[in-house]
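The values are calculated or read from the model by the stated rules, or taken from the named source; none is laboratory data. Note that the structure is predicted; figures quoted are calculated from it, not measured. Because the Cβ atoms are built from the backbone with ideal geometry, glycine has one as well, and the counts that use them run over all protein chains shown.
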Ligand code: AMP
């Protein structure tokens with residue numbers, strides 16, 4: 001019986017993996033340039049980490065987590081997001097004691113049991129970054145500048161950044177109450193999910209796609225910000241404006257998780273259909289303390305790699321080969337096999353095929369692979385201690401001594 005991949009879990013095949021590599025390498029380069037260091041955290045954590053970090057009443061924790069009991073009864077969860085794990089690692093390893101600010105980035109698979117559709121999978125990948133230890137609006141602005149630089153580096157012209165402020169423990173409760181009252185008064189017209197949200201998590205009413213039209217006049221957080229949050233938000237936006245980083249205010253954006261405060265943002269891109277968010281993030285000043293760490297502020301983002309790939313829509317050509325080695329016959333094959341190893345050691349990207357093929361079929365294969373040069377290793381050349389180097393573009397041939405350094409020199413000269 002044929003065994004297929006699990007629903008919502010997909011293979012990323014050659015042709016697409018090249019795009020992934022380019023995305024990941026560009027991200028690494030940029031993040032390292034901005035002072036971030038990579039952190040690798042486990043794919044499995046205790047369930048309570050996510051329940052406490054994201055909030056019991058969030059969609060992720062309520063409906064989407066892959067949770068199972070280990071044999072000793074511990075409730076474990078495949079991580080649905082990266083921030084909770086990074087903060088757990090930050091606290092557990094005492095990173096706050098090492099330096100006043102920790103700038104960390106990660107790349108990795110996340111798991112959410114959502115209904116699969118275009119751009120939505122049950123295993124997906126994120127590139128994320130977190131800054132722990134700085135409350136300053138400059139840090140929020142710097143994150144968004146970094147993201148704008150990243151999209152520019154990728155040539156992703158359609159990415160749009162939306163921004164909002166979610167206030168803080170001082171100003172959000174009053175807003176939350178105002179919104180709760182607003183939703184309560186319209187209970188009959190709102191969907192079943194929103195009815196549940198009214199008491200438990202009224203902010204999420206603004207997130208509801210079904211009720212969006214019905215709540216257009218709902219109160220919004222930016223009108224309720226305390227002086228400190230208002231000033232923070234103004235400064236973030238002024239810094240971005242000064243850097244000509246375009247951001248759109250979206251006063252209805254609430255983000256899915258409870259831990260966000262102050263700056264929140266989402267990045268959307270054209271042409272992705274319903275799942276048009278390619279990333280999101282924001283500030284989470286209370287999270288480290290709520291997970292048992294010191295009172296340290298934080299801010300971060302996560303980008304969805306699958307959606308970035310979809311938004312880019314450029315198939316990447318596989319890297320061409322420098323050299324194709326074509327042995328003609330058995331004795332030549334063994335010698336060519338060793339030569340191939342030596343040439344690869346010299347840094348050439350090289351392919352070799354078995355010797356029992358005609359020169360014509362070797363050349364066809366070399367052409368298909370886009371090899372720039374073919375090394376023809378035949379018995380005759382072998383007895384002379386040479387190889388023939390055929391330039392596939394110029395259609396020229398020359399003979400070179402059968403040793404790796406001379407061949408590399410000849411190839412480099414001809415390139
Ligand atoms: P979130 O923290 O939910 O805003 O996720 C951050 C980013 O991860 C989103 O903007 C998406 O690009 C990506 N993402 C989240 N969930 C999925 C999913 N189920 N499949 C693919 N990408 C996802």
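Key figures for this structure:
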| quantity | calculated |
| --- | --- |
| Elements of type strands (runs of 3 or more DSSP E) in the stretch 361-415, at least 3 residues being surrounded by fewer than 18 Cβ atoms within 10 Å (Cβ to Cβ) and at pLDDT below 95 | 396-401 |
| Scan of the stretch 79-98 for residues that are within 22 Å of residue 32 (Cα to Cα) and either within 16 Å of the ligand (Cβ to nearest atom) or free of Cβ contacts under 8 Å to residues at least 12 places away in the same chain (or both), ordered by number | 81, 82, 83, 84, 85, 86, 87, 93, 94, 97, 98 |
| All positions within the stretch 12-37 that are free of Cβ contacts under 8 Å to residues at least 60 places away in the same chain and within 15 Å of the ligand (Cβ to nearest atom) | 12 |
| When residues of the stretch 272-297 are limited to those that are within 16 Å of the ligand (Cβ to nearest atom), touching a helix residue (DSSP H, G or I) at 6+ places or on another chain (Cβ under 9 Å) and not in a loop (DSSP other than H, G, I, E, B), the one farthest from residue 253 (Cα to Cα) | 287 |
| Check on residue 309, touching a residue at least 12 places away in the same chain (Cβ under 8 Å), within 30 Å of residue 150 (Cα to Cα) and either under 17 Å from the mean Cα position of the chain (by Cα) or part of a strand (DSSP E or B) (or both) | yes |
| Selection count, the stretch 302-335, where residues are on the phi < 0 side of the Ramachandran plot and more than 16 Å from the ligand (Cβ to nearest atom) | 21 |
| The stretch 99-112 - residue that is in contact with a helix residue (DSSP H, G or I) (Cβ under 9 Å, 6 or more places away or on another chain) and either more than 13 Å from residue 45 (Cβ to Cβ) or without any contact (Cβ under 8 Å) to a residue 12 or more places away in the chain (or both) and, of those, farthest from the ligand (Cβ to nearest atom) | 101 |
| Cross-chain or 6+ apart pairs with Cβ under 6 Å, the stretch 113-125 first and farther than 20 Å from residue 58 by Cα, then near the ligand (Cβ under 6 Å from one of its atoms) | 119/307 |
| Residue 351 surrounded by fewer than 21 Cβ atoms within 10 Å (Cβ to Cβ) and either in a strand (DSSP E or B) or within 16 Å of the ligand (Cβ to nearest atom) (or both) | yes |
